[in-house]
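The values are calculated or read from the model by the stated rules, or taken from the named source; none is laboratory data. If you're wondering where the values come from, they're calculated on a predicted model, not measured in any experiment. Positions of Cβ are backbone-derived with ideal geometry, glycine not excepted, and every protein chain shown enters the neighbour counts. Protein only, heavy atoms only, side chains kept; ligands, DNA and RNA dropped before computing areas. Shrake-Rupley method; radii C 1.70, N 1.55, O 1.52, S 1.80 Å.
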Amino acid sequence: QVQLVESGGGLVQPGGSLRLACTVSGSIFRINAMGWYRQAPGKQRELVAIVRNGGFTTYAESVQGRFTINTDNDMRTVYLQMNSLKSDDTAVYYCNAATQSRAFTAVSATWGQGTQVTVSS
């Protein structure tokens, strides 16, 4: 079983910064990707940023240039540095891990519990 623990959400003023962290643990043979998604009230969950094994990253256009995703060396902890935050960034942020428990098995997706980010003056 794979578990994710997130931290780092909170209340910040527009223009401020926050850093989210998410650590994965459990029965893991390979981590294929770690990502952050968000869901604002009344909206669908959307991709914010993802980092794939090998270091390749993808960002939502709305956060490009303001947010940075990175991991530690073994990809077990992923960070999301959020700068120049706007009110539109207010949402619950969810961590996602795409992992394999053994070689040549299907990739499973696991979600964290979510952490609230509120950008308001």
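Annotation: of all residues in region 90-121 being in a loop (DSSP other than H, G, I, E, B) and under 11 Å from the mean Cα position of the chain (by Cα), the one that is nearest to PHE67 (Cα to Cα) is GLY114. Given the condition open to solvent by 70 Å² or more (accessible area, probe 1.4 Å), under 15 Å from the mean Cα position of the chain (by Cα) and more than 16 Å from GLN113 (Cβ to Cβ), answer yes or no: does some residue in region 27-35 qualify? Taking every residue of region 27-35 in turn, none turns out to be open to solvent by 70 Å² or more (accessible area, probe 1.4 Å), under 15 Å from the mean Cα position of the chain (by Cα) and more than 16 Å from GLN113 (Cβ to Cβ). For region 26-46, the set of residues classified as over 14 Å from THR71 (Cα atoms), at pLDDT 95 or above and polar (S, T, N, Q) consists of GLN39, GLN44, listed by residue number.
Of the strands (runs of 3 or more DSSP E) lying entirely inside region 1-66, those containing at least 3 residues that are touching a residue at least 24 places away in the same chain (Cβ under 8 Å) are 2-7, 10-12, 18-26, 30-39, 46-52. Filtering region 74-95 for residues that are surrounded by fewer than 13 Cβ atoms within 10 Å (Cβ to Cβ) and at pLDDT below 95 leaves a non-empty set.
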